[in-house]
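To start, the structure itself, in structure tokens.
Taken together, the values in this text are just the output of simple stated rules run on the coordinates, not laboratory data. Here the structure is a predicted model, which means the values were calculated and not measured. Cβ sites come from the backbone with ideal geometry, for glycine too, and all protein chains shown count toward neighbours.
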Amino acid sequence: EKLSELIALMTVYAPQIDYLIFCTDYTGAFAYLLSRENPGDFPTVTRFRNTKVIRSATTKLTPPDDPSSHWHEFEGSSFRKPAAGMVELVQQKTYSTRIVGVWEREEDYEALTDDILPIAQSVGLQSAKFWRERCDQWGTDSSSPKQVNSAAPAKTAVQTTTDPRTQWKHFRSTDLSINSDKFWDIRMTDNLLGYVVRHGRWGTAGRELNPKMFATQKQATIAYDTIIHEKRRKGYQPIP
């Protein structure tokens with residue numbers, strides 16, 4: 001299923017991508033590299049197993065698919081973020097001279113800025129928000145190095161309604177007996193697959209945390225409602 005998603009990404013939605021790597025197991029021992037030599041080619045898949053991770057494991061690790069499939073050897077950090085194994089593999093196997101690291105979550109950023117990697121020379125960092133905005137422009141922007149396939153379906157304008165849960169909800173907790181006056185804000189992400197929290201002492205800007213993401217909107221909604229209920233139980237009161 002994941003391979004199908006990523007092949008569609010490389011062939012239909014973002015054909016400017018030449019290489020794509022992902023890890024399917026929580027041990028970080030196995031990874032798949034999708035690549036193509038020429039624009040427009042159908043991506044080919046190369047399987048890699050991390051011999052360093054497999055050697056250090058306390059239990060036997062088996063590939064997530066047919067064990068008889070051919071696996072190439074790789075010796076390096078775990079493929080599971082925040083370890084930087086996937087970045088190392090891209091650097092070693094694609095011989096890329098310029099890599100753009102797009103990060104959204106904290107573990108993404110940590111993997112791209114690992115001290116053992118020559119990030120300053122080879123990886124440029126971009127936020128996921130910037131990447132999405134840039135991808136939206138590629139269909140019409142002539143300055144793009146590669147244009148989106150003109151045969152791809154044109155985007156059509158649709159009327160959307162903003163979900164009120166994507167707007168910040170504000171809460172405050174005050175206990176003057178211990179000189180405590182705090183705020184706590186929360187909103188769901190625009191795709192409704194997670195939520196964002198910011199908190200701090202009342203009267204300050206506070207700190208915004210990285211989004212907490214989930215596999216489905218239902219899971220995200222349950223988590224969103226649950227954490228609000230917990231904060232209310234701890235004495236946080238909603239404010240306009």
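Just a few scattered comments:
- Label zone at residue 129, where the point sits 7 Å out along the Cα-to-Cβ direction: segment 172-199 residues whose backbone N lies under 19 Å: 185-199
- Taking 0.36 nm per residue of sequence separation and removing the Cα-Cα distance, the residue 92/residue 12 pair yields an extension gain of 26.1 nm.
- Two-site FRET efficiency, residue 175 against residue 229, from Cβ-Cβ distance with R₀ of 22 Å, rounded to 0.05: 0.65
- Were the residues from residue 205 through residue 5 laid out at 0.36 nm apart, the gain over their Cα-Cα distance would be 68.1 nm.
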